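For reference, the structure is listed below as structure tokens.
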Amino acid sequence: MAKEHPENSAPPRRRPPVPSGPGMPPRGLLLWLMAMTLAMFAYHLYLNSRDPLERAPYHPDFTQWVEKGRVTECEIVEEISGQQYITGVLRDVDERTGKPRRFRVDVMVTDDLPAWLRQHQVRFSFRRQNPYFWQIVSSVLPVLLILGLLYFFFIRQVRAVGHGAMNFGKSRAKMLTRERNRVTFKDVAGIDEAKEEVQEIIEFLKDPKKFQKLGGRIPKGVLLMGPPGTGKTLLAKAIAGEADVPFFSISGSDFVEMFVGVGASRVRDMFEQGKRNAPCLIFIDEIDAVGRSRFTGIGGGHDEREQTLNALLVEMDGFDTKEGVIIIAATNRPDVLDPALQRPGRFDRQIVIDLPTMEGRLEILKIHARHITLDRDVDLRRLARGTPGFSGADLSNLINEGALLAARANKNAVGMADLEEARDKVRWGRERRSRVLDEKEKRVTAYHESGHALVMLAVEESEPLHKITIIPRGSAYLGATMQLPEKDRYMESRRKLLGILCGLMGGRVAEELVFDDITSGAASDLREATRLARLMVCDWGMSSALGPQTFGVHEELIFLGREVSRTQDFSEDTARKIDAEVHRLLTESHDRARSILTEHRAQLDLLARMLLERETLDGQEVMELVKHGRILSAEERAAPEKSSGLSGEAAPPAEPAVSG
């Protein structure tokens, strides 16, 4: 239902009806004409093959046949073209077909021919073709056949590639009208700041005079920036839905074609369409496909993409927002855009849409769960806590996967276990129960994950433990140790990072203590620990030996869109100190993890034994095994514990960590 406009707002101009041009011939009519023509040809071929005519000369064959009485009957035919001939039947029988022989004789009919046939007692008749019918057939049928061939071999091909041979330069923007665009701000969650920033654009489209009377100028363009799946396109549709105006949507890649000048022509046509449908919104998705910085390609050059960008820059700077056309663009690579495209006057406002916070994830989950039948035990807040780093698209996929898992199990509602399994599947992959591990590999994996869990419980500022499992998942994990934060964190302390390093070393140390050997299962742990230690030394200045200083400058080629090197702005001696400091951090974390596991060797063996028996333990069960040596009953759990962790100190929440 369209919303009512305020009294002081200018009503939107109605678009004049587009005159319809002459339509193409109906496809069905052409098909029927071609089918009838083919049927006629096939019928004549059939008749000729079934009863062939034997051609004979008038003299001497035909005259001898008549004089000897071999001709039973004949027909004198005169065609429209003036040609005359005689067809007839002989008394002789064709040996091949077993039927009387038929003949045809080309002859000029004279007045004496009928009398001569009567004299020899031959029955005959005259047949003259209808001139009107054959004139119509001979003149119209070739034209229809030519038109049909043109339609099937030319026009259909051209329409398939570009809606007409001369329409390559037309914009491919798709318009969502007021009836089709049903998205509003009720369907958008987790980006409240971005919704507030675009609110004045909606008010301008509803009531332009409110801003014009004060001399204010609405932004010409809005650039939405953020990671994939955070809701940039959804927000643009919601703006159009709230403002109740037409919404043109086009992708940046739709501008560029193999033909030179097509992209620039499409840009101009797109803005012309916007002006005809003003007030309206034009949304350009993935604008980095056409808006990359100029002269950054390998070898440079003035290519088709740069011509399209130049046309876009000119058009955005040339029209006035009083016309009611506002450009909204989205990209997840704002660093590669041309500076001229981002300056005020083109994209006046740049809105960053980041990954949602815990409260934002909760609201997004509520939106996607509106049409899902949830069980009473579902706690969406707990699910939001366990999904840091998830985008809106990831959360939508999580809810859908949970519903599919519940339907596969023939459940009447989606439970918390289904949603948690869906979360693990979306992040780490599906359980690989078909990947059968032998007893030794299972035992190594159980001690590995138990080592992670015990060390994470013992270090400072550790996150609450969620669960540990030895079920293979995805293609890279034989087991996992998961932690569940209670809030989002935006900075980390040195003490917290040292605890994470120690926890990452727990799996390798457990293998050394129990088996007096090491395996390749700690490859991902060592890789993450090395990356984290190098960041602490080179980027965050957390090394006591090197001091508060950063080392190295990140460089990337805009054309490639990725980091290709880190420029070394320090000496070789400093490089050796950096390597030594990274090695020191990793070695100290390894030694600390060994000390913790040596002290709690009994708990390590107990956890590994229970993992081999049950394959998965949740965080509460792990805490009970560590503190009491067994899993408590429901009655014993009624009295809450005040402390957590091996040291008995409360563990504040932090970001999740997973180790394999």
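Among 380-391, 449-460, 280-291, how do they line up by average Cβ neighbours within 10 Å per residue, starting with the highest?
449-460, 280-291, 380-391
Which residues' amide hydrogens lie under 5 Å from the amide hydrogen of ARG104, considering only partners 5 or more residues apart or on another chain, with H built in the peptide plane?
The list, which skips near neighbours in sequence, is GLU54, ARG55, ALA56.
Under the 0.36 nm per residue contour assumption, what length would be gained going from the current alpha-carbon distance of ARG102 and ARG268 to full extension?
This chain segment gains 52.4 nm when fully extended.
Determine the order of LYS496, LYS275, LYS213 by accessible area, beginning with the largest, at a probe radius of 1.4 Å.
Ranked list, largest accessible area first: LYS213, LYS275, LYS496.
What FRET efficiency comes out for the pair GLU200/THR574, r = Cβ-Cβ distance, R0 = 51 Å, nearest 0.05?
Rounded to the nearest 0.05, the efficiency is 0.50.
For LEU149 paired with GLU193, estimate the spin-label separation in nm (one decimal), with each label point 7 Å from Cα along the Cα-to-Cβ line.
It is 6.8 nm.
For GLY190, what is the net charge nearby, where nearby means another residue's Cβ is under 11 Å from its Cβ and Lys, Arg count +1, Asp, Glu -1?
Here the count lands on -2.
Out of residues 5 or more away from GLU73 or on other chains, whose amide H comes under 5 Å of its own, with H placed 1.01 Å from N in the peptide plane?
Those lying under 5 Å, H to H, from GLU73 are VAL89.
Which distance in nm do the two modelled labels at VAL109 and GLU599 give, with both placed 7 Å along the Cα-to-Cβ direction?
12.5
Between VAL352 and ASP317, what FRET efficiency follows from the Cβ-Cβ distance if R0 is 30 Å, with the result rounded to 0.05?
Calculated value: 0.80.
Within 14 Å, Cβ to Cβ, of ARG527, how many net charges do the neighbouring residues add up to if Lys/Arg are +1 and Asp/Glu are -1?
On the way: positive: ARG508, ARG531, ARG534; negative: ASP525, GLU528.
Charge balance in the 14 Å sphere: +1.
Please list 3J(HN,Hα) in residue order for the range 393-410, calculated via the Karplus relation 6.51 cos²θ - 1.76 cosθ + 1.60 where θ = phi - 60°; whole Hz, with x for glycine and proline.
For the range 393-410, the Karplus curve yields 5, 5, 5, 5, 5, 4, 4, 5, 5, x, 5, 5, 5, 5, 5, 5, 8, 6 Hz.
Which aspartates and glutamates have a Cα lying under 19 Å from the Cα of LYS195, excluding residues fewer than 8 positions away in the same chain?
Output for LYS195: ASP187, GLU203, ASP207, GLU242, ASP244, ASP285, ASP348, ASP354, GLU359, GLU363.
As an exercise, use a Förster radius of 22 Å and the Cβ-Cβ distance of ASP618 and ARG381 to find the FRET efficiency, rounded to the nearest 0.05.
0.80
For LYS411, list the aspartates and glutamates whose Cα falls under 17 Å from its own Cα; do not include residues on the same chain fewer than 8 positions away.
ASP375, ASP377, GLU401, GLU420, GLU421
Using 0.36 nm times the number of residues separating ARG495 and LEU38, minus their current alpha carbon distance, what extension gain do you get?
Once the chain is fully extended between ARG495 and LEU38, it gains 155.8 nm.
The values are calculated or read from the model by the stated rules, or taken from the named source; none is laboratory data. Everything quoted here is computed from the prediction, not taken from an experiment. Counting neighbours? That spans all protein chains shown, and the Cβs are built from the backbone with ideal geometry, glycine included. Each accessible area value is taken on the protein alone, full model and side chains, heavy atoms only, with ligands, DNA and RNA left out. Shrake-Rupley method; radii C 1.70, N 1.55, O 1.52, S 1.80 Å.
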